[in-house]
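Single-structure report; data block below.
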Amino acid sequence: PIVFEQRTEREVAVLALLKKAFDELPPESDNPMMNIMAQVMGGDLSDYRDMIMSESPGALPIKLDIFRQYSMYGTEDATEGEGLAKYMSKNTPAKYGLSAMAMAAVSSGKDGANVVMSKYMPELTQGKLFCYCITEPGAGTNTHKVSTVAVDEGDHFRLNGQKTFISAADTAFYMAVIARVEVDGKKGSVGTFVLEADTDGISMTKLDIAALGDPQFTVHFDDVILPKSALVGEKASKSGASGISESVFYTLNLERIMIGLGAIKVGQESLQRAVKKAKQVQPFGPLLGESAAVKQQLAKLTLQYELTNLALKKAGVAFDNRENPKTVGMFSNMAKYLASTFADQASDVALQLYGVEGLDKEADDIGGLCQVGRVLRTVPINNEMVLNFLAENLMGLPKSYQV
Ligand SMILES: Cc1cc2nc3c(=O)[nH]c(=O)nc-3n(C[C@H](O)[C@H](O)[C@H](O)COP(=O)(O)OP(=O)(O)OC[C@H]3O[C@@H](n4cnc5c(N)ncnc54)[C@H](O)[C@@H]3O)c2cc1C
């Protein structure tokens, strides 16, 4: 287990809080958050030690997610032969990432870190989780087109609109909703609102999506009345169509890193299985792994794995140190691109080596890994827009699309 010889006061406070909550829980509890925390306190997190020890307020959300990665995707639990896809759907890990994103939005504002520590962290340990609502039927990656609106009516906001593909909306206690503020009939900037999921005027319809993890919903907001304090986090520097709050960028950067952490595990699992098959299968005499073409393909994937891991760590540290959002955006976009490409390519190679056996859900379910790997190229941001972002921001090339 990791030795916290350099614990800061803040670390001591967080761990004491979690330990107290854990100690007070009945031993037979199946509260998943508690199980995570138990593993965190006894688990081996040495790889991400620097990030975990960071004192920055922004460190909290990413810590939450690293806990999630280690306790839920950790190699100890994902036993050989148990499909990661099956494993993911059983444990619905996305829920914790969604809460981490909401915490990132809250902690981006003045005093936000204290609110996270004093209010939301204890509540998260009681299982009061978040869903995160940004996608709309007409606004996928393009957040500038968000049409959900929060009209400023003096002492409250009135929220109207619709969000879709919202994971785990049915079990969320809170919702973090991205909406455009409107004042005196004029369009303002896009910001993050936190509301309780059982507030009057909220309804939802379950979607029938062939995806893994938590179920998705379309969520409707009809004349939902919110206190002014529901608008959280850093405000936008510009208003109107071009103004998107820093809280949104901060959160989306974190999401890219978290999705990258999930994607690298999908790729790693796929690669391990591909190597296993290359050493086992000999359809026409020689082992598949004896072929130079197969060996070199697997070696290239190993290179991709190492590069992706470095990129993820770099992005995580930049996020935690609250570097300039553009810098964090650059590294988190790179990490997301590399990780999703690695997941997609490694699962494809694994399926190639398995042949049809890879489609057997009861065996290694390589088909499931391929599905996740492919979806990750589009979600939560499509890889084409990642490349556009890099070309425009690193090389100063002009925009080739309209927002
Ligand atoms: C399992 C799952 C869970 C999800 N959970 C949530 C959730 O909890 N909350 C939430 O808010 N959303 C959620 N989403 C939605 C997800 O964030 C969106 O799907 C994502 O933002 C992409 O939007 P889109 O699918 O509309 O595609 P878009 O980004 O709108 O793109 C549509 C197509 O156009 C292509 N494209 C786009 N721009 C370009 C370009 N410039 N050049 C070339 N091609 C381009 C894309 O590659 C894609 O094929 C979830 C989705 C899935 C699948």
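The values are calculated or read from the model by the stated rules, or taken from the named source; none is laboratory data. Values in this document were obtained by computation on a predicted structure and should not be read as measured data. Cβ sites come from the backbone with ideal geometry, for glycine too, and all protein chains shown count toward neighbours. For accessibility, only protein heavy atoms count, side chains too; no ligands or nucleic acids. Shrake-Rupley method; radii C 1.70, N 1.55, O 1.52, S 1.80 Å.
See the values below:
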{"item": "Any hit, the stretch 208-231, residues being open to solvent by 10 Å² or more (accessible area, probe 1.4 Å), without any contact (Cβ under 8 Å) to a residue 24 or more places away in the chain and not assigned by TED's automatic domain parsing to the domain that holds ALA102", "result": "yes"}
{"item": "Hits in the stretch 372-388 - residues which are within 10 Å of the ligand (Cβ to nearest atom) and touching a residue at least 24 places away in the same chain (Cβ under 8 Å)", "result": "VAL372, VAL375, LEU376, ARG377, VAL379, PRO380, ILE381, ASN382, ASN383, MET385, VAL386, LEU387"}
{"item": "Residue, most open to solvent (accessible area, probe 1.4 Å), within the stretch 294-335, restricted to residues that are more than 19 Å from GLU246 (Cβ to Cβ) and among the basic types (Lys, Arg)", "result": "LYS300"}
{"item": "Residue within the stretch 273-280 that is under 21 Å from the mean Cα position of the chain (by Cα) and open to solvent by less than 40 Å² (accessible area, probe 1.4 Å) present", "result": "no"}
{"item": "Any hit, the stretch 251-258, residues being closer than 30 Å to GLY185 by Cβ and either assigned to a helix (DSSP H, G or I) or in contact with a helix residue (DSSP H, G or I) (Cβ under 7 Å, 6 or more places away or on another chain) (or both)", "result": "yes"}
{"item": "Subset of the stretch 148-177 [away from the ligand (no atom under 14 Å from the Cβ) and polar (S, T, N, Q)]", "result": "ASN160"}
{"item": "Residue within the stretch 322-334 that is at pLDDT 95 or above, closer than 16 Å to ILE257 by Cβ, in a helix (DSSP H, G or I) and within 16 Å of the ligand (Cβ to nearest atom) present", "result": "yes"}
{"item": "Hits in the stretch 390-402 (condition: more than 10 Å from the ligand (Cβ to nearest atom), in contact with a helix residue (DSSP H, G or I) (Cβ under 9 Å, 6 or more places away or on another chain) and not polar (S, T, N, Q))", "result": "LEU390, LEU394, LEU397, PRO398"}
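Yes/no per residue for (1) assigned to a strand (DSSP E or B); (2) of a type in the set (D, E, K, R); (3) over 27 Å from GLY112 (Cβ atoms):
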| site | (1), (2), (3) |
| --- | --- |
| ARG158 | yes, yes, no |
| MET175 | yes, no, no |
| GLU182 | yes, yes, no |
| ASP198 | no, yes, no |
| ILE209 | no, no, yes |
| HIS220 | yes, no, yes |
| LEU226 | yes, no, no |
| SER229 | no, no, no |
